[in-house]
Amino acid sequence: MKKVFCVILVISALFAAGCPVYAVSAKAAVVINGDTGDILYSNNADVRLPMASTTKIMTALILLENCADLDGEIVTAKEMVTVEGSSMGLLEGDRVSYRALLYGMMLASGNDAANTVAIAIGGSVEKFVGMMNAKAAELNLKSTHFVTPSGLDAEGHYTTAYELALITREALKNPDFALAAAAKSATLCYGNPPYRRTLTNHNRLLFMYDDVIGVKTGFTKKSGRCLVSAAKKDGKYVIAVTLNDGDDWADHRFLLDAGLGAIEVYDYKQESKTLSIPVIGGEFEAVEGVAGAAGFSITKGQDVKIAVCAPRFLYAPVEENAVVASIEYYGAGRLLYKSNVTVKRVGEKKISKLNLFFEIFKIILGS
């Protein structure tokens, strides 16, 4: 009895200190603040592991960044659909849109969809994988490397729980990705000739947890069960990742609850609602810039510092809704959030070069 009481005291003390304990089954796990990227919890989060079909989060992101028309159609070739594992049911000669391929990857976890995307967008699987690795480098990921677009086991195909969370955070910024990741089902039209069929999302969390907004399941014998989830509630946003987790559904419900409980919506108190910026050659001496609301969440108790990034003056004309400055919010020396400052249109007036010089000189001396 004393031993149990002692354990309860230790856990309570850790929660009070802001260091929550999660008893999850995963080989690696992480929870991050979706707004800022701050780590709320990690366990072996930097260990390189295979990630199975959660790979398709990056595949979908590359598709969306390189496809001008999601409703554009392609005709599948044999090399596109000849792939093992989970499938959206593509056959050689099928007509299918890129949007259907996106949903086929995210809902049915179709390896045929991922392979088709790779060849259609990259020209070959190898070239598309090169695009995936280039994107990983662009995101400054040091422990992620792709070999397949589907997530099928391959030597040298790995990521970490933390870096997979960062990939997901980037992907969820895309509205088309977010819609697909959150869809419980989708009715699509493809085939030869195309016909309507309905796909159901493999992500059971969408049916179990009201605040979940996606995102992707994965499994191979080598990787074990992998799961990436995200939730939004009352202005708060978290992303959870588990790799090789035998009890991922229960673990993610716990992790998302704990993550949402560890953060709070930042109360910006209108510190930077307007900026007055001098205007050279305009109808008015200055214009008011209006900053957007600071809509983000922070770790409870986190200290936030504000920096105003604005020019000393503007030249007329200034277009309506032009972005002329920004308000930056920092925590622990790192940029958490950036709010743009926009202005109303400023009329232009004729002014001589000499008078223009004097106006600039006056502003500089007055600063």
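The values are calculated or read from the model by the stated rules, or taken from the named source; none is laboratory data. In this text the structure is predicted, and so the values were computed from the model without any measurement. Positions of Cβ are backbone-derived with ideal geometry, glycine not excepted, and every protein chain shown enters the neighbour counts.
Mind checking whether some residue in the stretch 5-20 is closer than 27 Å to Leu206 by Cα and at pLDDT below 95?
yes
Looking across the stretch 125-151, the residues that are over 14 Å from Ile62 (Cα atoms) and crowded, with 22+ Cβ neighbours inside 10 Å come down to Thr144, Gly151.
Only residues that are at pLDDT 85 or above, charged (D, E, K, R) and farther than 27 Å from Ala231 by Cα were counted across the stretch 288-347, and they come to 1.
How many residues are assigned to a loop (DSSP other than H, G, I, E, B) and hydroxyl-bearing (Ser, Thr, Tyr) when one looks only at the stretch 184-226? Number satisfying all stated conditions: 2.
Residues of the stretch 289-307 that are touching a Lys or Arg at 6+ places or on another chain (Cβ under 8 Å) and either over 18 Å from Leu336 (Cβ atoms) or in the same structural domain as Gly235 (by TED's automatic domain parsing) (or both): Val290 alone. Against the numbered list (1) farther than 30 Å from Val324 by Cα; (2) of a type in the set (Asp, Glu); (3) not assigned by TED's automatic domain parsing to the domain that holds Met106, Glu285 comes up short only at (1).
Would you mind telling me which numbered condition in (1) assigned to a strand (DSSP E or B); (2) modelled with pLDDT under 95; (3) under 21 Å from the mean Cα position of the chain (by Cα) Ser229 fails? Among (1) assigned to a strand (DSSP E or B); (2) modelled with pLDDT under 95; (3) under 21 Å from the mean Cα position of the chain (by Cα), Ser229 violates only (2).
Pairs linking a residue in the stretch 279-295 that is in a loop (DSSP other than H, G, I, E, B) to a residue that is surrounded by fewer than 18 Cβ atoms within 10 Å (Cβ to Cβ) and hydrophobic (A, V, I, L, M, F, W, C), with Cβ atoms under 7 Å and 6 or more positions apart or on different chains, are Gly281/Ala316; Gly281/Ile351; Gly281/Leu356. Among the residues of the stretch 21-43, those that are assigned to a loop (DSSP other than H, G, I, E, B), in contact with a helix residue (DSSP H, G or I) (Cβ under 8 Å, 6 or more places away or on another chain) and in contact (Cβ under 8 Å) with a residue 40 or more places away in the chain comprise Tyr22, Val24, Ser25, Ala26, Gly34, Gly37. The set of residues from the stretch 141-156 being of a type in the set (A, V, I, L, M, F, W, C) and free of Cβ contacts under 8 Å to residues at least 40 places away in the same chain comprises Leu141, Val147, Ala154. Against the criterion of being in a helix (DSSP H, G or I) and assigned by TED's automatic domain parsing to the domain that holds Leu188, Glu79 qualifies.
Can we say Asp46 is touching a residue at least 24 places away in the same chain (Cβ under 8 Å), among the charged types (D, E, K, R), buried (at least 19 other Cβ atoms within 10 Å of the Cβ) and touching a Phe, Trp or Tyr at 6+ places or on another chain (Cβ under 7 Å)? Spelling it out, it is not the case that Asp46 is touching a residue at least 24 places away in the same chain (Cβ under 8 Å), among the charged types (D, E, K, R), buried (at least 19 other Cβ atoms within 10 Å of the Cβ) and touching a Phe, Trp or Tyr at 6+ places or on another chain (Cβ under 7 Å). Inside the stretch 140-183, residues that are in a helix (DSSP H, G or I) and under 20 Å from Asn33 (Cβ atoms) make up a count of 15. Applying a threshold of 6 Å to beta carbon distances and a minimum spacing of six or more residues, or different chains, the list of pairs starting in the stretch 235-248 at a residue that is assigned to a loop (DSSP other than H, G, I, E, B) and ending at one that is surrounded by 24 or more Cβ atoms within 10 Å (Cβ to Cβ) reads Asp245/Ala26.
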